[in-house]
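First up is the structure itself, then whatever we jot down about it.
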Amino acid sequence: MDALGNPIVFHITAGNVNEGPIALTLLEQVSLTEVNVVADRAYGAKTNRDYITEQGGTYTIPPKITVKEQWETNWWIYKERHVIECFFNRLKHFRRLATRYDKTTRIFRTFLYIASILLMTR
């Protein structure tokens with residue numbers, strides 16, 4: 001998502017897949033130079049954080065409580081993550097997306113793009 005809450009790239013996974021490791025495939029598709037990546041605790045793995053800094057970006061990801069090496073988090077910037085959560089909440093108003101009626105990923109992705117376009121034009 002960009003700073004306005006508009007989607008940049010989608011990656012569809014199965015419902016039982018942990019999204020943390022998938023973050024690298026999403027980050028590789030976006031230029032991170034001088035970008036601040038804001039994400040929740042699930043994406044705070046060292047590999048994700050190292051990749052962001054190697055690409056010239058910064059991150060605002062709070063550490064999990066169980067992590068031994070805690071890092072600083074700017075909580076004022078982190079609060080801007082609500083824009084992302086609001087977008088996903090609006091996507092769930094499309095019942096077809098919330099319950100995943102489509103059997104194939106291709107059709108689900110197509111409707112996801114259509115719903116995103118409709119939300120961005122509002």
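Coordinate-derived values only; no laboratory data. Small disclaimer: the values here were computed from a predicted structure and weren't measured. Cβ coordinates were reconstructed from backbone atoms using ideal geometry, including for glycine residues, and neighbour counts include every protein chain displayed.
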- Amide H contacts under 5 Å for V37, placed H, 5+ residues apart: T58, Y59, T60
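Averaged over all directions, how much area does the convex hull of the C-alpha atoms of the chain cover when projected, in nm²?
Numbers: hull surface 33.4 nm².
The directionally averaged projection comes out at 8.4 nm².
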- Message: Going Cα to Cα from K46, which aspartates and glutamates come in below 13 Å? Please leave out same-chain ones fewer than 8 positions away.
- Response: E54, E69
- Item | Rounded to the nearest 20 debye, dipole of the chain from Cβ charges on Lys, Arg, Asp, Glu | 780 debye
- Query: Using Cα atoms only, what is the angle between the long axis of helix 82-91 and the major principal axis of the chain, expressed in degrees (0 to 90) to the nearest 10?
  - Reply: 20 degrees
- Scalar couplings 3J(HN,Hα) for the range 18-23 by Karplus 6.51 cos²θ - 1.76 cosθ + 1.60 (θ = phi - 60°), nearest whole Hz, x for Gly and Pro, are 6, 7, x, x, 6, 4
- Query: ³J(HN,Hα) across the range 111-122 via Karplus (A = 6.51, B = -1.76, C = 1.60, θ = phi - 60°), whole Hz, x for Gly/Pro?
  - Reply: 5, 4, 5, 5, 5, 5, 5, 4, 5, 6, 8, 6
- Note on the structure: Placing +1 on each Lys and Arg Cβ and -1 on each Asp and Glu Cβ in the chain, then taking the dipole about the Cα centre, the residue among G56, I77, V17 whose Cα reaches farthest towards the positive end is V17
- Task: List the relative contact order of the chain as a percent without decimals, with contacts defined as Cα pairs under 8 Å and 6+ residues apart.
- Result: 21 percent
- Task: Treating cross-link reach as a plain straight distance, find the lysines whose alpha-carbon is under 19 Å from the alpha-carbon of K103, omitting any fewer than eight places away in the same chain.
- Result: K92
